[in-house]
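> One structure, as structure tokens, below. Some questions next.
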Protein chains: 2
Amino acid sequence: MSCETDTVKVLRTTGHKATPQRLMILAALRHGSGHLTATEIFGEVQVEYPYVDISTVYRTLGVLKELRLVSETDMGTGDTTYEWVQHQGRHHHLICRNCDEVTSLDHQYLEDLGAEIMAESGFKPDLDHFAIFGVCARCRLEAERN
Amino acid sequence: MSCETDTVKVLRTTGHKATPQRLMILAALRHGSGHLTATEIFGEVQVEYPYVDISTVYRTLGVLKELRLVSETDMGTGDTTYEWVQHQGRHHHLICRNCDEVTSLDHQYLEDLGAEIMAESGFKPDLDHFAIFGVCARCRLEAERN
DNA sequence: ATGGTACATGCAATTAATTGCAACTACATT
DNA sequence: AATGTAGTTGCAATTAATTGCATGTACCAT
Ligand SMILES: [Mn+2]
Ligand SMILES: [Mn+2]
Ligand SMILES: [Zn+2]
Ligand SMILES: [Zn+2]
């Protein structure tokens, strides 16, 4: 059973429809690896189906985010990015506000945080894909030398 | 020495200027408590000085954020909100994606996370003001009953 | 297969935020 | 106090994202 079929099932069982537009958006998310902007996805879909509207892309991404099939993240570049969650498994990013370097952060750090919050407040956090800003080791050392 | 004077000093020593517009924006942040939108701040300043432009507000908020005097947070309401960091001290928020309830989260949780990240990667995260989305205890129990 | 309906789409209009640029000004230096 | 300049402002234009609405369609139930 293809992953596309799985997703279609999730859509249907949650009261959504598997439209051609959505299938194309799903394909774009699947093919493109990593973080994609809405405009990039829009461009991909347009190749096949020029009548698609950017609002359909945003609305579909909204649905997929609600279903937690994609993550939506501001990586500090102005454009919000979307990532198919199964691509990399759960992970997060450290982004240096000085040199803009982006690195990955293992999910375990946030898993622990989530468990603590859950245990003490009953609130179950979605810790799908965080962008954590700060200063990287290199830039910090550089700054200290001055 | 007033807090306004402190801020002016911070601005000057970091190569920025203390313009009348900025002082009015600072006053708006200081008076208004809690999370303010750029439009709300804009409105406040306009009362006193109608010629101010919204771009000046955004640019000033950008500077103040860089200096970590205000936090910038998407609370899930469509408009980004800004908060004068000294108002509440460091704190964070848990936001239920089902009922939209917003609660506070003590900084300690994130302090610990930050220390761990710092120790293991050398990256020093800014953990000023997080909005953590998820499902609150009440909504979770409600969902389980169905 | 057909029909009814809740959901989705495309389009246009709107809102939020950003950016380029020429004119202006705060303020450090003299 | 006068000067030079880096940084700031207002304005207009742009871009990113959202929303209202009339039309269209997926898909469940028959
Ligand atoms: Mn990622
Ligand atoms: Mn807050
Ligand atoms: Zn760096
Ligand atoms: Zn709730």
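The values are calculated or read from the model by the stated rules, or taken from the named source; none is laboratory data. Treat the numbers as computed from the prediction; the structure is a model and nothing was measured. Because the Cβ atoms are built from the backbone with ideal geometry, glycine has one as well, and the counts that use them run over all protein chains shown. The area values use the complete protein model at the heavy-atom level, side chains included, leaving out ligands, DNA and RNA. Shrake-Rupley method; radii C 1.70, N 1.55, O 1.52, S 1.80 Å.
> From the cross-link list A:LYS65/B:LYS65; A:LYS65/A:LYS124; A:LYS9/A:LYS65; A:LYS65/B:LYS124, which pairs have alpha carbons spaced over 19 Å apart? List each step's numbers first, then the result.
Details: A:LYS65/B:LYS65 28 Å; A:LYS65/A:LYS124 17 Å; A:LYS9/A:LYS65 16 Å; A:LYS65/B:LYS124 29 Å.
Over 19 Å Cα-Cα: A:LYS65/B:LYS65; A:LYS65/B:LYS124.
> Hey, another quick one. Hey, can you grab everything whose amide H is under 5 Å from the amide H of A:THR81? Only 5+ residues off in sequence or another chain; H modelled, so Pro and N-termini drop out.
Amide H to amide H, under 5 Å and 5 or more residues apart or across chains, A:THR81 pairs with A:THR73, A:ASP74, A:MET75.
> Okay, moving on. Going through region A:1-66, which trypsin sites (Lys or Arg not before Pro) have at most 11 other Cβ atoms within 10 Å and a DSSP loop state? Mind dumping the intermediate values first?
On the way: sites: A:LYS9, A:ARG12, A:LYS17, A:ARG22, A:ARG30, A:ARG59, A:LYS65; in loops: A:LYS17.
Qualifying residues, ordered by number: A:LYS17.
> With a Cα-only, solvent-free Debye model of region B:1-122, what are the log10 I(q)/I(0) values at q = 0.10 Å⁻¹?
Log-scaled intensity ratios, in q order: -0.37.
> Right, next: What are the nm distances, shortest first, from A:ARG90 to its equivalents in the other copies, labels at 7 Å along Cα→Cβ?
Those separations, rounded to one decimal, come out as 2.4 nm.
> Another question, if that's okay. First measure r as the distance between the Cβ atoms of A:ARG145 and B:ARG140, then evaluate 1/(1 + (r/R0)^6) with R0 = 51 Å and state the FRET efficiency to the nearest 0.05.
With a Förster radius of 51 Å, E is 0.55.
> Under a 10 Å cutoff between Cα atoms, tell me which one of A:GLY76, A:GLY43, A:GLY122 has the largest fluctuation in the Gaussian network model of chain A.
Result: A:GLY122 has the largest fluctuation of those listed.
> Continuing with the same structure: Quick one: pull the percent of accessible area on region A:1-89 belonging to carbon and sulfur, 1.4 Å probe, ligands and nucleic acids left out.
That fraction is 51 percent.
> With every protein chain left in place, what is the accessible area per residue of region A:1-89 in square angstrom, probe 1.4 Å?
For region A:1-89, the solvent-accessible area averages 57 Å² per residue.
> So what is the 222 nm mean residue ellipticity for chain A from helices alone, if each DSSP H run of at least 4 adds -39500 (n - 2.57) and you divide by all residues, rounding to the nearest 500 deg cm²/dmol?
Rounded to the nearest 500, it is -14500 deg cm²/dmol.
> Something else about it: Can you tell me the dipole magnitude for the protein assembly as shown around its Cα centre, using point charges on the Cβ only (Lys, Arg +1; Asp, Glu -1), in Debye to the nearest 20?
The dipole magnitude comes to about 300 debye.
> Give me the orientation-averaged projected area of the Cα convex hull of the protein assembly as shown, in nm², one decimal. Display every interim value, and only then the final one.
Numbers: hull surface 76.7 nm².
In nm², the orientation-averaged hull projection of the protein assembly as shown is 19.2.
> Provide the convex hull volume over Cα atoms per residue for region B:90-146, in Å³. Don't skip to the answer; put the middle values down first.
Working: hull volume 5.1 nm³, N = 57.
It is 90 Å³ per residue.
> Let me ask something else. Along Cα→Cβ at 7 Å, what distances in nm separate the A:GLY62 label point from those on the other copies, shortest first?
When each copy's label point is compared with this one, the spacings are 2.7 nm.
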